[in-house]
Every structure is written in structure tokens, then in C-alpha cells.
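K.L.:
Pasting a structure below so you can have a look.
The values are calculated or read from the model by the stated rules, or taken from the named source; none is laboratory data. Please read these numbers as outputs of a predicted model, since none were measured by experiment. As a convention, Cβ positions derive from the backbone with ideal geometry for all residues, glycine included, and neighbour counts pool all protein chains shown. For the accessible areas, the whole protein counts, side chains as well, though only heavy atoms, and no ligand, DNA or RNA atoms are used. Shrake-Rupley method; radii C 1.70, N 1.55, O 1.52, S 1.80 Å.
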Amino acid sequence: EPEVTQTPSHQVTQMGQEVILRCVPISNHLYFYWYRQILGQKVEFLVSFYNNEISEKSEIFDDQFSVERPDGSNFTLKIRSTKLEDSAMYFCASNWDRKKLFFGSGTQLSVL
Amino acid sequence: DQQVKQNSPSLSVQEGRISILNCDYTNSMFDYFLWYKKYPAEGPTFLISISSIKDKNEDGRFTVFLNKSAKHLSLHIVPSQPGDSAVYFCAASEGADGLTFGKGTHLIIQP
């Protein structure tokens, strides 16, 4: 069964450093998403992406965040200057109908 | 501002019995509701969904009920099995917007 894959599974970085989280969505999907879950809290929507542009973003997704689909298969989330509060599990998701999302297994980001 | 609320952080149910997970929402514009299941160290996996034009959807052991007047959603699992032990997230969407998740309920199935 096709699945969304995310790399790396764990990322440790120093505060102020840039990180790029990578995702390979399911190949025939059209809509791509990033969510995050801070430990002990709910899953939060960050951004959705369709037709090579952002279609919706939350208040969390400020100027420090950016997304890109550089080559038609990868979907990346970049955090330019990480803060301690960016530590979370980041989930990539995709779908073709904007309803049932398929999630990756997540990247645990730890900012020290 | 919690638009989707799961007020029970955890629920313990005996194997073979019915598990009922509840979810309340405040946004009357939500038109699609989903339940996701999450195991530790894995991403959420889709379980079942319901459109706002329906009040019930059933898939095997899983049934979702929607009460629009009460803005309440519930997931019934019967009979409960050990493999059902996981965190269950209720989620809702309005039109083409992204999903809004509840905080989750940790379901523990006891032998």
C-alpha cells in the first residue's frame, strides 16, 4: 500500500539553525500538508499546498517557515532560524480529495 | 480557542465491551468529520469519516454518530480488541480548509 514517507525520523539542532524536513507524498496525490504536535498537545495544522503554491496556512506558519516542492516528488518544510518552541513532531500528509488525509510517521525535531 | 474538543484524555475499557469516544465542536460551519487513530512513534491513520448530511456511518466494528444540533460526534468500537489501544483524534473541516484536530483520547483496552 502506498504511504507517505518522511526523513529523517529524528532531527536534533541548535537554536538559531536552519532545518529542512523532507517528505515524499503518495504519488498521485494533489494536496500536501504539514502538521505538528508538541508533546502532550493536539495535532496542529501548519500549511497546505496545492498546484505549487500555498493554499492555506495557520498563524503558526510565520515568516520563519517555508515549504517547497522542488522536484515533483519531494515536499519540504524549512524552518529558517529554529527556536526552542519549534521542538515537536512534524507530520507530512497528502491526499487527492482534501478530505481523507494520509500521514507520514513524522519527524521528531528537538531544538537545543 | 478549541474548536474541536475531546474532553476525556483517557478511557479504559474491558476487552469485548463497547468503547465510546466523544467529541464536541463549536464551529457550525464544519461539514466533514473524521476519526484518526495514532500509535506511539507513528503518524495518525484514518479510521472513519462522516459528512454533515449524515448522522451515522458504519465500517465493521467502527460506527461514527453525528448529532449536529448538539455539535457532538462519537465513535463506537464494538467489540473492543487489544489492538484498539491507541490515541484517537477527532478532526473536522469546513469546505476545503485544513483539518482541525481535538487533543485526543487515549483508549486503553484491558484484558
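K.L.:
Counting only heavy atoms of protein chains, what accessible area per residue, in Å², does chain B have with a probe of 1.4 Å?
P.N.:
Here the per-residue accessible area is 48 Å².
K.L.:
Between A:Asp97 and A:Met15, 0.36 nm times their residue separation minus their Cα-Cα distance comes to what?
P.N.:
That works out to 25.8 nm of additional length.
K.L.:
Could you give the size of the charge dipole of the range B:1-83 about its Cα centre, using +1 on the Cβ of each K and R and -1 on the Cβ of each D and E, expressed in debye and rounded to the nearest 20?
P.N.:
100 debye
K.L.:
Right, next: How high is the relative contact order of the range B:4-110? Use alpha-carbon pairs under 8 Å, at least six apart in sequence, and give a whole percent.
P.N.:
Reported as a whole number, the value is 38 percent.
K.L.:
Taking θ = phi - 60°, what integer Hz values does the Karplus form 6.51 cos²θ - 1.76 cosθ + 1.60 yield along the range A:20-34, in sequence order, with x for Gly and Pro?
P.N.:
10, 9, 10, 8, 10, x, 5, 4, 9, 7, 10, 10, 10, 9, 10
K.L.:
Any idea what the alpha-carbon Rg over 2.2 N^0.38 Å comes to for the range B:4-110?
P.N.:
Cα Rg divided by the expected 2.2 N^0.38 Å: 1.00.
K.L.:
Which translational diffusion coefficient, to the nearest whole µm²/s, is obtained for the protein assembly as shown from the Stokes-Einstein equation, given a Kirkwood hydrodynamic radius over C-alpha pairs, 4 °C and 1.567 mPa s?
P.N.:
For the chosen part, D equals 72 µm²/s.
K.L.:
Can you pull the one-decimal nm distance between simple spin-label points at B:Glu15 and A:Asn51, each 7 Å off the Cα toward Cβ?
P.N.:
5.2 nm
K.L.:
Quick one: putting +1 on the C-beta of Lys and Arg, -1 on the C-beta of Asp and Glu, what dipole do you get for chain A around its Cα centre, in Debye to the nearest 20?
P.N.:
Details: 11 positive and 14 negative charges, 32 e Å.
Once rounded to the nearest 20, the dipole reads 160 debye.
K.L.:
Pop out the carbon and sulfur fraction of the accessible area of chain A as a percent, whole number, probe 1.4 Å.
P.N.:
About 47 percent, which is the carbon plus sulfur part of the accessible surface.
K.L.:
Could you give me the ³J(HN,Hα) list for the range B:35-47, computed from phi with Karplus coefficients 6.51, -1.76, 1.60 and θ = phi - 60°, whole Hz, x at Gly and Pro?
P.N.:
Going residue by residue, I get 10, 10, 10, 9, 8, x, 6, 10, x, x, 10, 5, 10 Hz, with x marking Gly and Pro.
K.L.:
Using a 1.4 angstrom probe on heavy atoms only, work out the carbon and sulfur share of the accessible area of chain B in %.
P.N.:
On the way: 2570 of 5300 Å².
Within chain B, the accessible surface is 49 percent carbon and sulfur.
K.L.:
How much accessible area is lost when chains B and A come together, counting both sides, with a 1.4 Å probe, in Å² rounded to the nearest 100?
P.N.:
1500 Å²
K.L.:
Another question about this same structure. May I ask for the Rg/Rh ratio of the range A:5-111, computed from Cα atoms with Rh as the Kirkwood radius, given to two decimals?
P.N.:
On the Cα set of the range A:5-111, Rg over Rh gives 0.93.
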